[in-house]
Amino acid sequence: MRVSDLFRRSARTALRRPARALLTLIAIGIGAFTFAITSALGAGVNQYIDSQTASVGATDTVQVTKTAPTAFLSEGMEEYDPSMAGAGVDQQQGVLTADDVQRVRDAVGADAEVVASAPTTPLYFHYDGGQRYRFIYNGNWPGKTAVLATGEQLAAQSRTPQLIIPEYAVGPLGLGSPEQAVGRTVAVGVLGVDGQVRELEAEVAGVQVRSLIGGNLPFGNQAFGDELERLSAVGTPQDAQPVATHLFVTGPDVAAVADSVRGSGFAVSTPEDIVGDFRSIVAAVLLILNVLAGVAILAAMFGIVNTLLMSVQERTRLIGMMRALGMPRRTVFASVALEAGVLGLLGAVVAVALALLIGVVVGPWLPTAIGLDLPGFTLFRFDPLAVALVVAGVVLAAVLAALIPAARAARLEPLDALRETA
């Protein structure tokens with residue numbers, strides 16, 4: 001019997017009982033659909049996380065603090081209250097003394113560059129004498145970039161203080177549209193040690209879109225950071241010991257630098273650490289969904305075993321006749337296994353097609369519908385290789401489920417089969 005004939009015969013036999021075949025296909029499809037949709041979901045979320053890594057900072061840089069810094073996760077424009085002077089600074093991460101800085105330098109060695117950031121006290125920002133809003137500064141992590149709605153990335157070597165502001169700040173500040181905001185000058189109120197508030201003018205270089213990771217607070221270039229530190233330090237006694245809120249350590253081996261500093265008793269964070277937290281959450285959710293998909297596939301395998309055992313039982317006489325006419329055992333085995341393969345292939349193809357349809361139709365508007373406004377985020381991203389692996393895996397599982405019924409059919413002796421149905 002030719003392979004094409006065997007395949008056609010197996011396909012007809014697999015669908016000989018439509019109701020039974022449909023129930024089996026549904027069980028297979030549930031598992032295949034879940035695998036396909038979770039694979040696309042994982043690819044979409046991880047691709048977005050990868051695209052946001054640069055918004056945290058350069059991947060070859062480690063941030064060192066006395067204790068773990070507090071993250072400002074909320075966003076919004078809060079009107080400035082003079083009684084809250086200093087509230088924009090994270091006081092909980094402690095300060096690093098000159099001795100601490102030297103310990104870090106000793107720990108990382110001469111190959112790493114250590115840059116200290118002095119304490120700063122920005123209070124508010126405004127445009128052209130308008131309403132003042134509380135200014136929570138996101139710092140100047142070297143190499144940090146943003147996904148911009150308009151404008152350009154910060155000019156690291158520029159002597160002009162520059163800021164990138166979040167899109168939600170444009171309207172309240174009275175800057176008009178994001179396009180109109182670029183190039184305009186905002187003023188940042190800075191509290192000095194002497195208790196006086198001085199204003200630092202900065203040019204808006206760009207407007208960043210909302211981001212899940214590190215993209216919802218203003219941040220400036222080196223010139224802005226230097227001027228912010230200078231104004232914050234006005235009135236500092238000359239005999240005061242220099243302190244820093246954090247250090248940036250840049251080296252060729254980030255992992256080694258982080259381990260060395262952490263071993264000296266300091267808190268360490270890298271862009272990959274921050275991104276890794278999001279990856280862990282996503283991976284945990286996807287693992288749960290994939291386990292559920294695996295359970296569905298396992299249930300479908302038991303359904304295939306039951307379906308094929310019943311099919312073999314119903315066709316015992318026919319199998320006996322074919323064996324009496326010279327059909328080899330391996331052909332009988334292959335015929336039953338192919339029946340399972342056909343069911344698996346049909347179920348997987350239909351399920352994957354449904355997943356693709358949902359991804360195309362529902363994917364674009366679902367994040368917005370649930371309040372997840374993240375420009376550049378694609379919820380479902382289907383990778384052709386991943387889709388092919390889902391289909392192949394489901395077909396393989398179906399064929400494996402057919403081993404017991406196929407072996408039983410292949411062991412039938414012609415006379416015994418004919419006698420059982422006589």
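The values are calculated or read from the model by the stated rules, or taken from the named source; none is laboratory data. Note that the structure is a prediction, hence the values are computed from the model and not measured. Cβ sites come from the backbone with ideal geometry, for glycine too, and all protein chains shown count toward neighbours.
In table form, for the structure just shown:
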| item | result |
| --- | --- |
| Test: G195 is surrounded by fewer than 21 Cβ atoms within 10 Å (Cβ to Cβ) and not acidic (D, E) | yes |
| Inter-residue pairs, beta-carbon under 7 Å, first more than 19 Å from Q102 (Cβ to Cβ) and in the range 242-258, second in a helix (DSSP H, G or I) and modelled with pLDDT under 80, 6+ apart | none |
| Segments classed as helices (runs of 4 or more DSSP H), wholly inside the range 318-405, with at least 3 members that are over 30 Å from the mean Cα position of the chain (by Cα) and surrounded by fewer than 21 Cβ atoms within 10 Å (Cβ to Cβ) | 329-361 |
| Members of the range 239-258 found to be at pLDDT 75 or above and either of a type in the set (A, V, I, L, M) or over 22 Å from Q222 (Cα atoms) (or both), listed by number | D239, A240, V243, A244, L247, V249, D253, V254, A255, A256, V257, A258 |
| Total residues in the range 226-241, condition over 17 Å from V190 (Cα atoms) and in contact (Cβ under 8 Å) with a residue 60 or more places away in the chain | 1 |
| Some residue of the range 284-299 being within 19 Å of I404 (Cα to Cα), outside the structural domain of V101 (by TED's automatic domain parsing) and either surrounded by fewer than 18 Cβ atoms within 10 Å (Cβ to Cβ) or modelled with pLDDT under 80 (or both) | yes |
| The range 184-229, residues that are under 23 Å from T150 (Cβ atoms), assigned to a loop (DSSP other than H, G, I, E, B) and at pLDDT below 95 | V209, R210, S211, L212, I213, G214, G215, N216, L217, P218, N221 |
